[in-house]
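What follows draws every value from the coordinates through simple rules; no lab data is involved. Predicted model, so just to flag it, every value in this text is computed and none were measured. With ideal geometry, Cβ positions are generated from the backbone for all residues, glycine too; neighbour counts draw on all protein chains shown.
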Amino acid sequence: MGFVKEFKEFAFKGNVLDLAVGVIIGAAFGKIVSSLVEDVITPLILNPALKAAGAENIAKLTWNGVAYGNFLSAVISFLCIAMVLFFIIKGANKVNKKDAPAPAGPTDDQKLLAEIRDLLKSKNNI
């Protein structure tokens with residue numbers, strides 16, 4: 001009976017459930033970002049650039065018998081996804097940015113020390 005209780009405590013702890021939710025949300029968000037890159041950014045930006053360069057089907061590119069097109073395609077997809085995530089996180093940080101509290105004024109001790117400093121300066125300048 002102790003094993004079942006111990007397993008139940010482990011499986012339903014807050015951290016395990018939070019991790020499970022995070023993984024599921026992350027997978028769903030990954031699909032959204034992938035779709036954005038493949039269905040929006042690639043047709044609007046990348047395909048015209050590849051056509052202009054004469055490489056409409058990048059996956060078929062070869063050089064001396066080495067098919068490097070798939071690798072190049074994966075690198076370009078990674079860079080596009082990284083850029084989209086950068087802009088999403090940058091926007092989220094801007095929305096969540098909290099204004100920094102105004103710096104507190106000098107304390108009474110600091111005011112007194114400043115007055116003493118000023119008096120000493122004026123006394124030495126005479």
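Worth a mention:
- Proximal lysines to residue 90, defined as alpha-carbon separation beneath 17 angstrom and excluding residues fewer than eight positions away on the same chain: 98
- The equivalent ellipsoid that matches the C-alpha gyration tensor of the chain spans semi-axes of 55, 35, 14 angstrom, in descending order.
- Scanning the chain for DSSP H helices at least 30 Å long along the axis (C-alpha atoms) with a Kyte-Doolittle mean no lower than 1.0 picks out 14-35, 69-96.
- For residue 97, a cut-off of 29 angstrom between C-alpha atoms picks up these lysines, skipping any fewer than 8 places away in its own chain: 31.
- Highest GNM mean-square fluctuation among 69, 54, 30, for the chain modelled with Cα contacts below 10 Å: 54.
- Among 37, 16, 75: highest mean-square fluctuation, GNM of the chain, C-alpha pairs under 10 Å: 16
- Each of 107, 58, 76 was placed along the dipole of the chain (beta-carbon charges, centred on the mean Cα), and the one lying farthest toward the positive end is 107.
- The calculated FRET efficiency for residue 95 paired with residue 121, based on their beta-carbon distance and R0 = 41 Å, is about 0.30.
- Taking the Cα centre of segment 2-121 as reference, the dipole from Cβ charges on Lys and Arg (+1) and Asp and Glu (-1) amounts to some 160 debye.
- Largest mean-square fluctuation among 19, 112, 72, in a Gaussian network model of the chain whose springs join Cα atoms under 10 Å apart, belongs to 112.
- Relative contact order of segment 2-121, taken over Cα pairs closer than 8 Å and 6 or more residues apart, is 15 percent.
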